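As structure tokens, the structure follows; a few thoughts come after it.
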Amino acid sequence: MDPLWTYGAAALSGAVVAMLLALFGGGGSVLATPLLLYFVGVRDPHVAIGTSAAAVAVNAAMGLTAQARAGRVKWPCALVFGGAGLAGTLTGAHIAKQVDGQALILWFALAMALVGLSMLRKPRSEGDPGVHIDPSRTMRLAPIGLITGLAAGFFGIGGGFLIVPGLMAATGMTLAHAAASSLVSVTLFGAATSASYAASGLVDWPVFLALIAGGAAGAIGGARLSPLFAARAPMARKAFAAMILVTAAYVAWRASAG
């Protein structure tokens, strides 16, 4: 394949994913792997997952920096959740690498469908903005983090659509704090997943760099467009969820046919 097309398409994919993340938050990164497979032209599903996980980690780290400066991250809760999930992430990634590529993509399509369905639910805004870590919350956070990390590592996704409700259920924090705090886990899970894949030679680093370069432009564009979407946020979120569900069906069809 023409390298100019490959890296140009990867940069455009990174811009699209980053823009969607800026506009809608959780769920945007799940499109990275299908774009790498069916638009950029990455042939190995494992390489697509490993490369997208590395890009997700970087994008989440940039988002985390902004949220931390705004004071929205509940660090003790986020670190307990993310720390417990690391072991699960590495285990999930190890298992995924043993699974046949096409079968893994079918599982990935299922995860995409779950992301889309989760975005159709009306977000909750209730919660305690002053929540603090304590032994009881720690005992709830750790097992939920472990299970979420296992899923994130297996599917090669950030797992924000699981992390946010997990943090809210375990601690009672608000949606805004959970969304910000989830970026700690998304960064850790993405980094651990990509490190596991990289150790097996399953990350395309030039494509990764193109994704990140495009992502920087996409994040700026998303930030500028977000005020336009604010007034139509519920409708736009439903449209995005529908797009994810359609993409999941396409991914499942291609994996089944291939």
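Where a number appears in this text, it was derived from the coordinates with a stated rule and is not lab data. Here the structure is a predicted model, which is why all the values come from computation and not from measurement. A quick note on method: Cβ atoms are made from the backbone with ideal geometry, for glycine too, and the neighbour counts reach across all protein chains shown.
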With a 10 Å Cβ neighbour count serving as the proxy for reagent exposure, in which order, fewest first, do Leu90, Leu228 appear? Leu228, Leu90
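Against the 2.2 N^0.38 Å scaling, with N counting residues, where does the chain land? I'd like the Cα-based Rg ratio to two decimal places.
Compared with the compact-globule rule of thumb, the chain sits at 0.95.
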Can you give me the Cα centroid spacing of segment 53-126 and segment 127-185 in angstrom? 10 Å
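Quickly estimate the mean residue ellipticity at 222 nm for the chain, helices only: each DSSP H run with n ≥ 4 gives -39500 (n - 2.57), and the total goes over all residues, rounded to 500.
Computed ellipticity for the chain at 222 nm equals -27500 deg cm²/dmol.
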